[in-house]
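Structure first, commentary second.
The values are calculated or read from the model by the stated rules, or taken from the named source; none is laboratory data. Since we're looking at a predicted model, the values are computed, not measured. With ideal geometry, Cβ positions are generated from the backbone for all residues, glycine too; neighbour counts draw on all protein chains shown.
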Amino acid sequence: MTKQSTSLRVRLPVFVFIAEVIIVALYSAFVTYDEEADAKFQTNQTNPMHNAVYRDYPFFIDIHFMIFVGFGCLLAFFRFYGFGGMVFNFLTATFAIQWAILVQGYFQFSHDGKIHLGVINLINAEFACAVVLISYGAVLGRTSPLQILVMVLLEVPVFAVTEWVVLKYLKINDAGGSILIHLFACYFGLGVTFVLYRPSLNEGHAKENTSYHSDILCLMGTLFLWVFWPSFNSALVLKGDDQHRAILHTFIGLSASTLTAFALSAMLNKNGKLTMADIQNVTLAGGVTVGASVDMMISPVAAYALGVIGCIACMLGYKYLSPILARRLRIQDQCGIHNLHGLTGLISCTAGICAILTASEEVYGPSFYEIFAHRAPVEGDPKLQELRMVIPGLKAGLGRTAQKQALFQVAAIFSTIGLSALGGILTGFLLRLPYFASPSDDFCFDDEPFFEVPPDYDSPVRLKHSNTNSVEDSTPKMNGV
Amino acid sequence: MTKQSTSLRVRLPVFVFIAEVIIVALYSAFVTYDEEADAKFQTNQTNPMHNAVYRDYPFFIDIHFMIFVGFGCLLAFFRFYGFGGMVFNFLTATFAIQWAILVQGYFQFSHDGKIHLGVINLINAEFACAVVLISYGAVLGRTSPLQILVMVLLEVPVFAVTEWVVLKYLKINDAGGSILIHLFACYFGLGVTFVLYRPSLNEGHAKENTSYHSDILCLMGTLFLWVFWPSFNSALVLKGDDQHRAILHTFIGLSASTLTAFALSAMLNKNGKLTMADIQNVTLAGGVTVGASVDMMISPVAAYALGVIGCIACMLGYKYLSPILARRLRIQDQCGIHNLHGLTGLISCTAGICAILTASEEVYGPSFYEIFAHRAPVEGDPKLQELRMVIPGLKAGLGRTAQKQALFQVAAIFSTIGLSALGGILTGFLLRLPYFASPSDDFCFDDEPFFEVPPDYDSPVRLKHSNTNSVEDSTPKMNGV
Amino acid sequence: MTKQSTSLRVRLPVFVFIAEVIIVALYSAFVTYDEEADAKFQTNQTNPMHNAVYRDYPFFIDIHFMIFVGFGCLLAFFRFYGFGGMVFNFLTATFAIQWAILVQGYFQFSHDGKIHLGVINLINAEFACAVVLISYGAVLGRTSPLQILVMVLLEVPVFAVTEWVVLKYLKINDAGGSILIHLFACYFGLGVTFVLYRPSLNEGHAKENTSYHSDILCLMGTLFLWVFWPSFNSALVLKGDDQHRAILHTFIGLSASTLTAFALSAMLNKNGKLTMADIQNVTLAGGVTVGASVDMMISPVAAYALGVIGCIACMLGYKYLSPILARRLRIQDQCGIHNLHGLTGLISCTAGICAILTASEEVYGPSFYEIFAHRAPVEGDPKLQELRMVIPGLKAGLGRTAQKQALFQVAAIFSTIGLSALGGILTGFLLRLPYFASPSDDFCFDDEPFFEVPPDYDSPVRLKHSNTNSVEDSTPKMNGV
């Protein structure tokens, strides 16, 4: 019964092969190389070392490591769901990138009827992929691989449309992706989990815990993300001093939130001990909170303060808000994405708006109009000519004032939250269709439904079946001793 | 008896110290810096940032990570042979690189009686090292460290000679090393394992299985390789758009084979579950299949298709071919290198030949004669002068036609397979000499013969000796519960 | 009682929040961007791709990975102290870098009353952090997080002063940090552990051992450090061929010490087996021994020989010297830092002095006076004008002879050892104050005092309390079987 309904034997291949046929058809019809990857554009003026690949690839590879290894380890924290955490992350990320190349390509990288592909598209696709993985954190352990693939199928286009609307029409500053990555991912994920609510899981679940090794594995994931986060936040920032600052701010913010997380973890624990879940998650808060203003001249101390504030909000969220969301609002947020991406994302956006309102040409010099590109004078404005003497090739802007830009930021926040929550809820309803092999409550957080497990694998349920031990006992291995 | 015969106390130091004396003598007599690493060549024209180290080192460090960490974790999948997998990989790789610097140096990097050393040699040596590690996969768990060192000692020169013959005389296109790395490594390894055949292992072995943690460790290895594979495939490609394409194709190919591997794994499993060994190995097939044409203008969709095809071949190989090879042909291929490197290598070579036959100046522009260097006009041909107007510094080629180049590719494939299989068989015979501390059948896939194991280490054999439990029970820890 | 005395509930937050207030105040008052990170300095001459961030960031990120992931895994080798090893490394490193930015900034990067921040400062701060982590290795498992934070608080300034004195007044060559990083860290750590001597631990401790998984985790740490060590040794070396050589030498040195470590490990073991602790530590010796001469024209074979010699010294130190230090001199060196950093550091310094004494313009060409900057002619010397024709922008030096430079190196060695040992001893006395939550002897090498441990965590002490098993049994899990 339960076993049969989770079999992937027919469903997964059918989904994948149909998807692959469609992808092959679309790649074949629409995807070609961009100028930097196409041999035809090489001339006697071309210096091979000036190819864009050398500017983008180092950042790409760091982010690539974060997505596949960092997220993979981070999501493997459940004792009996280590395979699931790591392997479904692998599957999700792979499919999300393939799909994002097409969907983002259509909106952002197409001209002459073709999608033009370079490493820069891969970086953008990895960001789309990060969005999906964050959302997935909300329903980790309670979904089948098929449900996740369907979620990817829907979330990527909703994300790409939102991204396109926000970047093309609202034209905001959001270098670190606080709005488009973290807020979008958070509210989409909360939408999905709201619909997939499982009342029985609020009582606690025998398998919803960690082991000594899974905790260490998860911490390695945290460290991988922590180490490469400066590349994540700065990959799409303007080259030069802007990218330099983005790296510095991310480092400082993470570092501040890490120190704070240790203090709060001990303080809020009744035995004065450290809790691994805090070290694994809350330490990362600073990377999000510096996001929206990461390339601006906010000063190092502001990055530090943002790290501390983000950490406090995130920690209090885990401690007090998450249980309320689960019990009162039917929002079971498995990995606490609302704390690590939602609350911190909102703080980050607020800080970004403050940075925009207080930014002045005095502090930034003429490059002010490069960072705040939409505040540059419109084409034809004599001021633009003047500025181009100092910054050759400066693009014409929209002549926005600080206040106007701030309003657009606010508009972007609300429209992103609205679109993502709506998209998440609709996706959730689709995922509840019976065909997608959702595991029963008993088999949540358990690798057995979807994996051939090795002989030493040993979940409480399995023990119950073979040994008549009680399910409540979550430490079966210790039993015999 | 068994214990004594595997003691490394005298044999390993004797081998290593003799090797080190020889290496020191040869380094001392023949190894010096190349122009980019030698202080003497610095002039007032030298821009330090144009040093070759900045072009090569980022790719080197990625490959370096793959070899030492990626392969190390990947080979640690046995439950009782985790130390062996990771530690012998470390030993093998270290010795192989030292040795390859000398042997490849003699054939490829020597002039004025000296081997000239730079980071570029290290990249080449790491490739030689990858060859040895792939071959080693065929006999993993069934060889002593001494046997592996002897194998390195012989395989590196056979490889270097083959490489030299193929590159110098046959002059082929093989950017990703499909022929020289994957096919060579595969058939050398199969040659060795053919001679080291152990009939009793065909019946299954009590220790030939994984544990929950070793499976996760191995998957981390897969992910490390997966993430950095674009650097592996593109490290020696021409700089500029060629390298850019190599990165894109490798990424797309891997991504396609990963998605396909999930579908096939569920489809071919009778319970409709995923098998970790598939996720750990078959996902990587696409990285190999795009290899031979990785820098060519094959179009993104072709890279995708190659990934899918390679994955299918690799998966069917694991499922149906490997058991036949073991039972009928005495070829016990422990890690299935024939599936992941042999079959995929052949597909890659075929694709490479198709790409060569269909390549045209129309698609590539004048840089056609850079990628297909041997098709460039010979020195003196007026066409060469013309081309040099567009591509300054274009080297004279051999004026080969597409068909001629394709024939040379075919010749390279067969001569590589022939030389490597022969070399592997001869090496196998040497490894059977009694002095090299080969473990008995009982102690295969077991860390105990070669390591001081920690108190919680617990293999079936050990239990048998101390507890009279039966060897057949492969899950001793669960017993008491 | 014991439990209470290690509670971090009040102490840790108090320390951290006070530290953070001070750091925020100091950052606010004194820390600003350096020219490469400040938007104001961008002019129409600025090529964004020439920003220093692109020269420094690749090296920074490698070192960053070593510090947070590499060291973290390496220190997680204890069976019951895996959380402690990895988590306290995270805490220590984070705080050390924040603090070092300020302290080193004051001494090295301040002008106009401000500390100027760029990625280059972060690299320097990571080195200061490496110093602290090495010292910490001496007292691993026997200190509370609070004691470690206090140690950071004191060690960073002592280090920064020593660094400033040595670089500013003694003006030495020490590219790989043999003197300032390895010797300083070693003797500071030994000073601390000398004062924190615990006689009872000399008898052996029930929890002072590894597990199969912790050994593998630790080996991953070794491999992470091994792989990125070339970046560590070359990060602050002159760009161009100097940095190229530093990479080559480090690679060769590590490779030589690794091969040697395998031979010695088998040779010195009475069963002729390999010992994981040797593979985990001694393999790294070569990275230290090449340090002081890493950028010089010592020839590849010298790097190889240094690797071998360093490995032998390090191995003999572990085998014979460490037990003597612990029993006779009250120096309990938990990770053997005296072997891996002290002995090898001294060898490295000696080799550096030899390289200085034998260096000649003949071998180096005119760039001789760049590498040995203090040997360049003084301002006004006609030789300087001449040299500037060949090397534009050569800085005036001190006109030192080889002998004089060598004497300054010796002076630097002794003053560094003296200052660090003294600093360590004083720090040790402070750490013994009762308030810092030091764990009792019983709870050394145990995660329980400082962490909420998961259900499967199971230390001997815990078992003793609940089951009356004896503490001597260090393999409790096997008991029931």
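Any idea which of (1) crowded, with 24+ Cβ neighbours inside 10 Å; (2) within 25 Å of A:Ala246 (Cβ to Cβ) is the one C:Asp112 doesn't satisfy?
Here C:Asp112 meets the rest and fails (1).
Go through segment A:68-82 and give me each residue that's at the interface with another protein chain (Cβ under 8 Å from one of its Cβ atoms) and either of a type in the set (Gly, Ala, Ser) or surrounded by fewer than 23 Cβ atoms within 10 Å (Cβ to Cβ) (or both).
Selection gives A:Gly72, A:Ala76, A:Gly82.
Against the definition (more than 10 Å from chain B (Cβ to nearest Cβ) and in contact (Cβ under 8 Å) with a residue 24 or more places away in the chain), how does C:Gln332 come out, yes or no?
Criteria met by C:Gln332.
Rundown of residues vs (1) buried (at least 23 other Cβ atoms within 10 Å of the Cβ); (2) out of contact with any Lys or Arg (no Cβ under 6 Å at 6 or more places or on another chain); (3) in a helix (DSSP H, G or I), yes/no style:
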| site | (1), (2), (3) |
| --- | --- |
| B:Phe184 | yes, yes, yes |
| B:Phe188 | yes, yes, yes |
| B:Leu201 | no, yes, yes |
| B:His205 | no, yes, no |
| B:Leu219 | yes, yes, yes |
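Could you tell me whether C:Val192 is over 17 Å from C:Ile148 (Cα atoms) and within 18 Å of the chain's Cα centre (by Cα)?
no
Yes or no, residue by residue, for (1) in contact with a helix residue (DSSP H, G or I) (Cβ under 6 Å, 6 or more places away or on another chain); (2) surrounded by 24 or more Cβ atoms within 10 Å (Cβ to Cβ); (3) under 17 Å from B:Pro58 (Cβ atoms); (4) of a type outside the set (A, V, I, L, M):
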site	(1), (2), (3), (4)
B:Val237	yes, no, yes, no
B:Leu259	yes, yes, no, no
B:Phe262	yes, yes, no, yes
B:Met267	yes, no, no, no
B:Lys270	no, no, no, yes
B:Val290	yes, yes, no, no
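Exactly one condition in (1) buried (at least 20 other Cβ atoms within 10 Å of the Cβ); (2) at pLDDT 95 or above is false for A:Tyr369; which is it?
Condition not satisfied by A:Tyr369: (2).
State all residues of segment B:1-48 that are within 30 Å of B:Leu236 (Cβ to Cβ) and over 32 Å from the mean Cα position of the chain (by Cα); if no residue qualifies, say none.
Hits for segment B:1-48 are B:Ala39, B:Lys40, B:Phe41, B:Gln42, B:Thr43, B:Gln45, B:Thr46, B:Asn47, B:Pro48.
Go through (1) at pLDDT 90 or above; (2) touching a Leu at 6+ places or on another chain (Cβ under 7 Å); (3) more than 30 Å from B:Tyr369 (Cα to Cα) for B:Thr416 and report which single condition fails.
Tallying (1) at pLDDT 90 or above; (2) touching a Leu at 6+ places or on another chain (Cβ under 7 Å); (3) more than 30 Å from B:Tyr369 (Cα to Cα), B:Thr416 fails exactly one: (3).
Give the residues of segment B:88-107 that are closer than 24 Å to B:Phe17 by Cβ and over 17 Å from the mean Cα position of the chain (by Cα), sorted by residue number.
Passing the criteria: B:Leu102, B:Val103, B:Gly105, B:Tyr106.
Filter segment C:188-224 down to the residues that are among the aromatic types (Phe, Trp, Tyr) and more than 8 Å from chain B (Cβ to nearest Cβ), then identify the one that is farthest from C:Met297 (Cα to Cα).
By that ranking, first place goes to C:Tyr197.
Can you give me the number of residues within segment B:201-256 that are of a type in the set (Ser, Thr, Tyr), more than 20 Å from A:Met66 (Cβ to Cβ) and touching a Cys at 6+ places or on another chain (Cβ under 9 Å)?
Counting residues in segment B:201-256 that are of a type in the set (Ser, Thr, Tyr), more than 20 Å from A:Met66 (Cβ to Cβ) and touching a Cys at 6+ places or on another chain (Cβ under 9 Å) gives 1.
What residue, among those in segment B:377-400 that are acidic (Asp, Glu) and in a loop (DSSP other than H, G, I, E, B), is farthest from B:Glu361 (Cα to Cα)?
B:Glu379
Among the residues of segment A:257-275, which ones are facing another protein chain (nearest Cβ under 7 Å) and touching an Asp or Glu at 6+ places or on another chain (Cβ under 6 Å)?
Once the filter is applied, which keeps residues that are facing another protein chain (nearest Cβ under 7 Å) and touching an Asp or Glu at 6+ places or on another chain (Cβ under 6 Å), segment A:257-275 yields A:Lys273, A:Thr275.
Counting only residues that are out of contact with any Asp or Glu (no Cβ under 8 Å at 6 or more places or on another chain) and closer than 20 Å to C:Ser231 by Cβ, how many does segment C:180-200 have?
The total comes to 3.
Could you pull out the residue among B:Gly317, B:Gly336 that is over 20 Å from B:Ile247 (Cβ atoms), out of contact with any Phe, Trp or Tyr (no Cβ under 7 Å at 6 or more places or on another chain) and surrounded by fewer than 24 Cβ atoms within 10 Å (Cβ to Cβ)?
B:Gly317
Within segment B:259-279, track down each residue that is farther than 11 Å from A:Val16 by Cα and of a type in the set (S, T, N, Q).
B:Ser265, B:Asn269, B:Asn271, B:Thr275
Output the qualifying pairs, or none if there are none: Cβ atoms under 7 angstrom, residues six or more apart or on different chains, first residue in segment C:240-251 and at the interface with chain B (Cβ under 7 Å from one of its Cβ atoms), second residue among the polar types (S, T, N, Q).
So the pair list comes out as C:Gly240/B:Gln42; C:Gly240/B:Thr46; C:Gly240/B:Asn51; C:Asp241/B:Gln42; C:Asp241/B:Asn51; C:Gln243/C:Ser234; C:His244/B:Asn51; C:Ile247/C:Ser234.
Could you pull out the residue among C:Val21, C:Val87 that is of a type in the set (Val, Ile, Thr), at the interface with chain A (Cβ under 7 Å from one of its Cβ atoms) and closer than 29 Å to A:Leu219 by Cα?
C:Val87
Take B:Phe95 and tell me if it is without any contact (Cβ under 8 Å) to a residue 60 or more places away in the chain, closer than 24 Å to C:Ala302 by Cβ and among the aromatic types (Phe, Trp, Tyr).
no
At the interface with chain A (Cβ under 7 Å from one of its Cβ atoms), in contact with a strand residue (DSSP E or B) (Cβ under 6 Å, 6 or more places away or on another chain) and touching a residue at least 60 places away in the same chain (Cβ under 8 Å): is that true of C:Phe65 in this structure?
So C:Phe65 does not fit the description; no.
If the requirement is being at the interface with chain C (Cβ under 7 Å from one of its Cβ atoms) and closer than 23 Å to C:Val24 by Cα, which of these qualifies: A:Val227, A:Val290?
Checking each option against the conditions leaves just A:Val227.
Answer with yes or no whether A:Ala175 is more than 15 Å from A:Cys73 (Cβ to Cβ), within 14 Å of another protein chain (Cβ to nearest Cβ) and surrounded by 24 or more Cβ atoms within 10 Å (Cβ to Cβ).
Here the answer is yes, as A:Ala175 does meet what is asked.
Residue check, A:Thr94 against (1) more than 7 Å from every other protein chain (Cβ to nearest Cβ); (2) touching a helix residue (DSSP H, G or I) at 6+ places or on another chain (Cβ under 6 Å); (3) among the polar types (S, T, N, Q), all met but one. Which one?
(1)
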